[in-house]
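To keep things clear, I will list the structure first and then write my remarks on it.
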Amino acid sequence: MRSRTTPRPPRPRLARRTLLSGIPLLGAGALAMSGCTPDDAGAATDVENILTISLNQTETHPSYLALTYFGEQLAAATEGRWGARVYANESLGAQQEVVQLVSDGSVDMAVISATQVENLSMAFRPLNLPGAFLSIEHQTAVLKDDSIVGDLFSSLEEGRRLRVLGGFSQGSRHVYTDRGPIESPDDLHGLKIRVQESDVFMALARALGGSPTPMAYGEVYTALQAGVLNGAENNEVSYVTQRHYEIAPHFTKTNHLVGLDYVMANVDRIEQMDEADQDTFATSFEAAQEEFVKLWAQETDASTQIMKDAGVEITEPDPEAFGPAVEEVGRSFLSRPEDEDLFERVRALADDMEVEA
Ligand code: GCU
């Protein structure tokens with residue numbers, strides 16, 4: 001697959017309610033006709049059953065490319081019985097709403113940040129804390145380790161009909177602002193920093209020194225532009241694909257967390273496949289995860305280059321400036337013994353892999 005980091009301005013949001021009213025009855029084809037431009041949706045159309053996948057990223061983002069690849073693999077291996085179509089740019093809604101749509105079967109699959117899954121079930125919280133994952137390699141190994149995540153990933157099936165298929169890394173997250181340089185929490189004092197809608201992220205932004213403002217991802221560009229926000233926190237790939245670097249050109253490598261996106265599916269929809277196709281579905285998804293890891297590394301490098309070329313001020317702060325406060329946030333959210341146990345098992349795998357803290 002080709003790497004395609006070509007930043008474009010965020011697309012205006014589509015009228016979601018009109019769009020979504022067509023999904024349960026009419027399926028993906030109806031979506032395309034009811035307002036999505038061809039650019040909003042990707043992958044195979046000549047298949048009998050199309051899985052609708054919701055994504056809040058652009059068509060140049062590794063998640064979009066990996067999921068499109070997933071659809072192609074699935075369609076080829078099931079000889080056209082099953083395929084997938086990825087709806088980009090929050091065109092089916094922001095993650096907080098979309099997770100409900102996957103739960104009720106209006107949308108088949110979605111990429112949902114760990115923050116939103118934590119809002120559904122506290123049991124997921126330990127995987128969303130600073131210090132849980134020490135690197136992308138460590139995170140990838142945890143996602144593949146059934147003894148750590150097996151029960152957790154199936155825990156939402158009965159109540160919510162949601163299956164966690166696995167995940168895509170968000171890489172290391174950093175802070176960026178409309179002014180700078182930001183070298184310590186004092187420099188962020190009084191600045192409104194967008195965070196995902198999550199208690200952990202609210203606490204993290206405070207620990208970094210800023211004033212947290214929870215907001216959906218797709219709203220951030222406009223809010224930065226309007227001065228409603230002074231900054232946000234994310235990885236290089238999102239910073240570039242969302243074009244936030246144009247309006248918040250000071251990027252500080254706080255490395256506060258290795259974030260995680262889950263890929264979730266509606267269980268009933270998956271169970272409509274016969275057993276052989278379900279196996280193919282699983283293998284195609286594994287292949288997409290591997291593809292994602294490669295694309296992620298490429299796109300992080302490409303994004304860093306775009307940032308440099310655009311004259312973004314990149315600050316590497318003293319690790320002691322933000323590190324201890326961030327670690328403290330991690331510890332403060334580990335009050336339940338079962339959470340501490342999961343966190344410890346995740347970290348034990350890092351020890352086995354000899355990844356350094
Ligand atoms: C990353 C992540 C998204 C998430 C976003 C955010 O880009 O991949 O799933 O929604 O951060 O900050 O909201």
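The values are calculated or read from the model by the stated rules, or taken from the named source; none is laboratory data. This is a predicted model, so every value here is computed, not measured. Every residue, glycine as well, gets a Cβ built from its backbone with ideal geometry; the counts of neighbours run over all protein chains shown. When the accessible area is computed, the model is the full protein with side chains, heavy atoms only, and any ligands, DNA or RNA have been set aside. Shrake-Rupley method; radii C 1.70, N 1.55, O 1.52, S 1.80 Å.
Overview of results
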item: Surface share of carbon and sulfur [accessible, 1.4 angstrom probe, percent] for the chain; result: 48
item: Heavy-atom accessible area order for Lys144, Lys192, largest first, 1.4 Å probe; result: Lys144, Lys192
item: Rounded to whole Hz, the Karplus (6.51, -1.76, 1.60) HN-Hα couplings of region 281-286, x for glycine and proline; result: 4, 5, 5, 5, 5, 4
item: Residues of region 156-199 with amide N under 19 Å of a point placed 7 Å along Cα→Cβ from Glu313; result: 174-194
item: Calculated P(r) of region 84-222 - Cα pairs past 20 Å, %; result: 54
item: Cα long-axis angle, helix 62-77 against the chain (0 to 90 degrees, to the nearest 10); result: 20
item: Share antiparallel - DSSP beta bridges, the chain, percent rounded to 5; result: 60
item: Residues with amide H under 5 Å from that of Leu134, placed H, sequence gap 5 or more; result: Gln139
item: Largest to smallest accessible area among Glu79, Glu327 [probe 1.4 Å]; result: Glu79, Glu327
item: Average projected area [Cα convex hull, region 191-232], square nanometres; result: 2.4
item: Chain lengthening between Ser184 and Asp199 when straightened (0.36 nm per residue, less Cα-Cα); result: 3.2 nm
item: Nonlocal amide H pairs with Leu260, under 5 Å, H built at 1.01 Å; result: Ala114, Gln170
item: Computed [θ] at 222 nm, deg cm²/dmol, the chain (DSSP H ≥ 4; -39,500 (n - 2.57); rounded to nearest 500); result: -14000 deg cm²/dmol
item: Where Glu236, Glu356, Glu316 fall by accessible area, highest first, once all protein chains stay in place (1.4 Å); result: Glu356, Glu316, Glu236
item: Relative contact order for the chain, counting Cα pairs under 8 Å that sit 6 or more residues apart, in percent; result: 23
item: Tail beyond 27 Å, pair distance distribution of the chain (Cα, percent); result: 45
item: Cross-link reach list, lysines versus Lys308, counting only Cα pairs under 17 Å and skipping chain neighbours closer than eight places; result: Lys253
item: Proximal lysines relative to Lys144, as straight alpha-carbon distance under 20 Å, when same-chain residues fewer than 8 apart are discounted; result: Lys294
item: Computed Kirkwood radius, in angstrom, where 1/r is averaged over Cα pairs of region 167-254; result: 12.6
item: Ala348-Glu158 pseudo-label distance in nm [points 7 Å out on the Cα-to-Cβ vector]; result: 2.5
item: Region 68-130, Rg to Rh (Cα coordinates; Rh as Kirkwood inverse mean 1/r); result: 1.07
item: Accessible surface of Arg336 - all protein chains present, 1.4 Å probe, nearest 10 Å²; result: 70
item: With eigenvalues of the C-alpha gyration tensor scaled by 5 and rooted, region 251-357, Å; result: 33, 25, 13
item: Rounded tilt (10° steps) of 199-208 against the dominant C-alpha axis of the chain; result: 30
item: Paramagnetic reach from Glu286 in region 166-194 [backbone N under 16 Å; point 7 Å along Cα→Cβ]; result: 166-167
item: Between 0 and 90°, nearest 10: helix 337-353 axis offset from the chain longest Cα axis; result: 90
item: Relative contact order (percent, whole number), region 123-252, Cα cutoff 8 Å, 6+ residue spacing; result: 26
item: Over region 134-209 - Rg/Rh using Cα atoms and the Kirkwood inverse-distance radius; result: 1.11
item: Average accessible area per residue (Å²) across the chain - probe 1.4 Å, nucleic acids and ligands excluded; result: 41
